[in-house]
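The block underneath contains the structure these notes are about, expressed in structure tokens.
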Amino acid sequence: MKNNKLAIVLRGIIAENPVLMLVLGTCPTLATTTSVESAVWMGIAATIVLICSNAAISALRNVIPEVVRIPCYIVVIATFVTAVQMILQAFLPSIYDMLGVYLALIVVNCIILGRAEMFARKNTVVDSILDGVGMGVGFILALFIISVIREVIGAGCFWGIEIPVISDFRIPVLTQAPGGFLVYGIIIAVMNKLTEKKGGVKRKDFSCEGCPSAHMCNKTSCSEMTELAVEAKTSSDNNAREEGEANA
Amino acid sequence: MPEVIRNLILILMAGVLVNNYVLQQFLGICPFLGVSKKVNQAVGMGIAVTFVMLCATAATYPIHTYVLVPLKLEYLQTIVFILVIAALVQFVEIVLKKFIPALHASLGVYLPLITTNCAVLGVAINNITDGYNFIESMISSLGVGLGFLLAMVLFAGVRGRIENCPAPKCFRGVPITLVAASIVALAFFGFAGVVENLLAV
């Protein structure tokens, strides 16, 4: 039983790491990893919201009606985000300013809604909290790794403190937008290489796993859905054309 | 050129090119990476996002100005905005399905995906934070939406080429897509300063 609980925590950190394995929560990952400090604070804020919302949603899982569960989850999550925002604004205003709009955007972070949908609504409160801890630590860890690479090589600093030799050879573009995409891509490639040796891991794609909108479209991937849309459009075009010909 | 119109053009161009939400500010990355495999899908998604952004701004700006500010409830901004946007997207989908089925057939499928899109919430919040008035907010949303569309279409073209490339095994799929996005973002650096020079501000 104890191993089982430990497994829930560990799964979020390594095997199902939300950022590196499931490719979720890409927006804050790329936006806040320009410095280690902002990345770690972003991770902590998101983790607090994740743990609280997992606990609340799990506790309410028998109360929330199935049909309107997504709006309910959004209200719960937005409440905790607002609370975190107010606490940071009151006690750590510099962090509040640094994270800016991304703090409010924790509401639409796929990881949090995804865990509510995938885990918290089917499991007990304790398990859900442990899942939140695991996923949160995994999120912080991934942000930390990416931000260390970007800040040390890009700005020659670590947590705002200049590193003597490296700062003479910095590559500033890494702290800007293109560097974010590049470092994230390379880290996922490295993870692919590492897991490949261990017997292979399923090929990563932008799947609906953890996508909060998945229940609304019920498709296996976004691209499949849009292909259907294109088909529907062409068939309706064809129908219209046939009708036009029939009229003529 | 009158100062007002110049200012509006500046806001529009900033949204489209300079502060491109996807490539410079990392908002709306999920649909950018998920639905950019083909150009026609990218166009559909881009238009749907632009449309929802305009609707969302048209709804959230009055709510903020005439409800939240007079009642001193600004701290409820996040929770109110996300609920308004989520309800609005559902509403738009129902209205389109009922009254404009042709438009629903081409845009409808993208709408559920946009409910929790961070670019839509981001633009609504940023319009308030930047202190824009209503017209400026709408222009800003239009610019951001068009910028999203531009980035999607450009990137769909790039991805079409990547699919045929023999990338190293560990780079296939997500990693090579991100590296390509990095190069497209680098290209957008070329637009920095364009707007100021164009209008000689």
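In table form, for the structure just shown:
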{"item": "Listed residues B:LEU178, B:TYR61, B:LEU76: farthest to the positive end of the dipole of chain B (Cβ charges)", "result": "B:LEU178"}
{"item": "Amide H contacts under 5 Å for A:MET21, placed H, 5+ residues apart", "result": "none"}
{"item": "Rh (Kirkwood; distinct C-alpha pairs) - the stretch A:1-127, Å", "result": "15.3"}
{"item": "Residue-averaged [θ]222 nm for the protein assembly as shown, counting only DSSP H segments that reach four residues, each worth -39500 (n - 2.57)", "result": "-22000 deg cm²/dmol"}
{"item": "For the protein assembly as shown: span of alpha carbons on each principal axis (Å, largest first)", "result": "73, 59, 57"}
{"item": "Sites matching trypsin sites (Lys or Arg not before Pro) across the stretch B:37-96 that sit in DSSP coil, with at most 13 neighbouring C-beta atoms within 10 Å", "result": "B:LYS72"}
{"item": "Summed residue charge, Cβ within 13 Å of A:ASN54's Cβ, Lys/Arg positive, Asp/Glu negative", "result": "+1"}
{"item": "For the stretch A:41-47, 3J(HN,Hα) per residue [Karplus equation, 6.51 cos²θ - 1.76 cosθ + 1.60, θ = phi - 60°, Hz, x = Gly/Pro]", "result": "5, 4, x, 5, 4, 5, 5"}
{"item": "Rg ratio (alpha-carbon, reference 2.2 N^0.38 Å) - the stretch A:77-159", "result": "1.29"}
{"item": "Estimated FRET transfer efficiency (B:LEU71, B:VAL153; beta-carbon r; R0 41 Å; 0.05)", "result": "0.45"}
{"item": "Neighbour-count order for A:SER53, A:SER94, fewest beta carbons within 10 angstrom listed first", "result": "A:SER94, A:SER53"}
{"item": "Value of relative contact order over chain B, rounded to a whole percent, pairs C-alpha under 8 Å and six or more apart", "result": "41"}
{"item": "Approximate spin-label separation A:VAL67-B:LYS169, in nm, with each point projected 7 Å along Cα-to-Cβ", "result": "5.1"}
{"item": "Among B:TYR21, B:TYR75, B:TYR61, residue whose mean-square fluctuation peaks in a GNM of chain B (springs only between Cα atoms under 10 Å)", "result": "B:TYR75"}
{"item": "Efficiency of FRET from Cβ geometry, A:LEU60 and B:ALA87, R₀ 22 Å, rounded to 0.05", "result": "0.60"}
{"item": "Where a label projected 7 Å from the Cα of A:VAL126 along Cα→Cβ would reach, residues of the stretch A:46-61 with amide N under 13 Å", "result": "none"}
{"item": "Estimated dipole of the stretch A:2-198 in Debye, rounded to 20 [Cβ of Lys and Arg +1, of Asp and Glu -1, Cα centre]", "result": "660"}
{"item": "Residues B:HIS104, B:HIS64, sorted so that the one with the fewest Cβ neighbours within 10 Å comes first", "result": "B:HIS104, B:HIS64"}
{"item": "Low-density loop cleavage sites - GluC sites (Glu not before Pro) in the stretch A:105-168, where at most 16 other Cβ are within 10 Å (DSSP)", "result": "none"}
{"item": "Shielding by partners - mean other protein chain Cβ count within 10 Å, residues of B:111-120", "result": "6"}
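Just so you know, all these numbers are worked out from the coordinates, no wet-lab data involved. Note that this is a predicted model, so its numbers are computed, not measured. So basically every Cβ, Gly included, is an ideal-geometry build from the backbone, and we count neighbours across all protein chains shown.
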